[in-house]
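This report refers to the structure that appears directly beneath it.
The values are calculated or read from the model by the stated rules, or taken from the named source; none is laboratory data. In this text the structure is predicted, and so the values were computed from the model without any measurement. Glycine also receives a Cβ, built like all others from the backbone with ideal geometry; neighbour counts cover every protein chain displayed.
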Amino acid sequence: YYNALQLDGSNAAAWSGIADSYMAVKSYSNATIAASKATELNNQSKNYWYREGYLLQLQGMYEESVAKFDGAIALDPNYKEALYQKGITQMALGNYEDAKALFDQALVVDPNYKQAYLGKGLALHADGKLVEAQQEYDKALEIDPGYSYAKISRMHALLAMNKPREAFGMLI
């Protein structure tokens, strides 16, 4: 990739490849720098905006990641992955209502997006709405009965509702 950049320093694909390489070795700060350069050079790529937001999110830079996810969503309002990740970021910021609205948007785009049901369930759970959270986990499990994140989250909700028998029954 660096050889390609020596030939053309404005090669967004080369910067993107460098970002991917740094991501592979979990060097997120370096990956973010390269991803930022790719986005700067090709600001019409929703995937570049998304990746930059995701990298910022991984580093706990939540406010900054929201702006990048917004860039991806501005290019494609139906970009379910960006809606979902922005929802995750909003949960990390404690904005559960905003998170739920984003998960709902992702579900309008893809009603079988199990991750959005899980995310919505987690936002409801964090907001103390355990029955509603359990219902969202159940929807995710209807789509994928083996979805372990939804199973575990459902068990936690049941335990929080003081239903240990039902929770531990899921293990059997």
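Structure values in brief
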read-out: Residues of segment 129-149 classified as acidic (D, E) and without any contact (Cβ under 8 Å) to a residue 12 or more places away in the chain, total; value: 2
read-out: Condition check for Q105: in contact with a Leu (Cβ under 7 Å, 6 or more places away or on another chain) and assigned to a helix (DSSP H, G or I); value: yes
read-out: Check on D110, of a type in the set (D, E, K, R) and outside the structural domain of Y147 (by TED's automatic domain parsing); value: no
read-out: Subset tally (residues that are among the polar types (S, T, N, Q) and surrounded by fewer than 18 Cβ atoms within 10 Å (Cβ to Cβ)) for segment 12-35; value: 4
read-out: Lone qualifier among L5, L41 - being more than 19 Å from L93 (Cα to Cα), over 20 Å from the mean Cα position of the chain (by Cα) and surrounded by 17 or more Cβ atoms within 10 Å (Cβ to Cβ); value: L41
read-out: Residue that is surrounded by the fewest Cβ atoms within 10 Å (Cβ to Cβ), among those in segment 139-154 that are small (G, A, S) and closer than 14 Å to K120 by Cα; value: S153
read-out: Residue match in segment 150-171 (condition: within 25 Å of L56 (Cβ to Cβ), touching a residue at least 12 places away in the same chain (Cβ under 8 Å), outside the structural domain of T39 (by TED's automatic domain parsing) and not small (G, A, S)); value: no
read-out: So E81, is it modelled with pLDDT of 95 or more, farther than 29 Å from M170 by Cβ and either charged (D, E, K, R) or outside the structural domain of Y22 (by TED's automatic domain parsing) (or both); value: no
read-out: Which numbered condition G94 misses (of (1) out of contact with any Leu (no Cβ under 8 Å at 6 or more places or on another chain); (2) assigned to a helix (DSSP H, G or I); (3) outside the structural domain of E136 (by TED's automatic domain parsing)); value: (2)
